[in-house]
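Take a look at the structure below.
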Amino acid sequence: MTDLMEIARHLLGVAMASHWLLLILFAAAAIDAVFPVVPSEGMVVTAGMAAAAGHQNLLLVITVAMVGSVIGETTCYFMGRGSGPALHRWMKRQERRQQMYDKVSAALHSRGGLILMTVRYIPGARMVATLTAGATRYSFKKFIVFTFFGVTVAYTYVALLGYLGGDAFAHDSLKALAFSLSLAALIGLLVETSRRIAVKRRAAKVTSA
């Protein structure tokens, strides 16, 4: 077990010092926006740790992740814009997906800015939101503005978590990664719990009224 951990530490150290890290980060952020199977947040955390260790530039890490994500989300928007009815039929194949589509579609045209800026914190919802924005012909100018601000906040937050973890555990990259990812998961859990409580309270108010 000790040997495996040492190998993991070595590989993580090599990855953080690699000149290819930013290119891989860019690709991960772009692909994750279209196909949410690539853990771009984990890559940003690692790059943030690399910045704390002096191997990367923190501002450049955030910028690269932002650009990759904006390109990916814009691609997803135009995929939705070009698909229209076909996308709607695909959404209908799963009840949960259809419900999310209907909710996002209605919310986009009532409070689109808030949806596009916060939807990336809900697993799987970002792809649905960007596809729906395109399919419903949501203003592209507004889409770009809100997406830009959304990814700026999101990736700054994630990169800083990696940076703080890397700074706190400067001599153990594996512990730094575990600390950063655990902290990100904890914050995400608190945000999601708060959101659900708020939704239930609003539903209770509507029912009592």
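Checked against (1) at pLDDT 60 or above; (2) under 30 Å from S110 (Cβ atoms); (3) open to solvent by 70 Å² or more (accessible area, probe 1.4 Å), K175 meets all criteria but (2). Which of the numbered conditions does S139 fail, given that it passes all the others? Conditions: (1) farther than 28 Å from A52 by Cβ; (2) open to solvent by less than 30 Å² (accessible area, probe 1.4 Å). Failed condition: (2).
Going through the stretch 134-144 one residue at a time, which ones are assigned to a helix (DSSP H, G or I) and in contact with a Ser or Thr (Cβ under 9 Å, 6 or more places away or on another chain)?
Filtering the stretch 134-144 for residues assigned to a helix (DSSP H, G or I) gives 134-135, 140-144.
G134, A135, F140, F143, I144 - these are the residues of the stretch 134-144 that are assigned to a helix (DSSP H, G or I) and in contact with a Ser or Thr (Cβ under 9 Å, 6 or more places away or on another chain).
Each residue in the stretch 20-71 was checked for being within 17 Å of the chain's Cα centre (by Cα) and in a helix (DSSP H, G or I), and 32 of them qualify. Selection within the stretch 54-82: residues that are among the small types (G, A, S) and surrounded by 19 or more Cβ atoms within 10 Å (Cβ to Cβ). The member of this set that is modelled with the lowest pLDDT is G80. Checking L87, L114 one by one, the residue that is hydrophobic (A, V, I, L, M, F, W, C), modelled with pLDDT under 75 and more than 19 Å from L160 (Cα to Cα) is L87 and no other. Within the stretch 47-75, the residues that satisfy the criterion of being β-branched (V, I, T) and touching a residue at least 40 places away in the same chain (Cβ under 8 Å) are V61, I62, V64, V67, V70, I71, T74, T75.
The values are calculated or read from the model by the stated rules, or taken from the named source; none is laboratory data. This structure is a prediction, so every number in the text was calculated from the model and none was measured. Cβ sites come from the backbone with ideal geometry, for glycine too, and all protein chains shown count toward neighbours. Accessible surface is based on the protein model in full, side chains and every heavy atom, while ligands, DNA and RNA are left aside. Shrake-Rupley method; radii C 1.70, N 1.55, O 1.52, S 1.80 Å.
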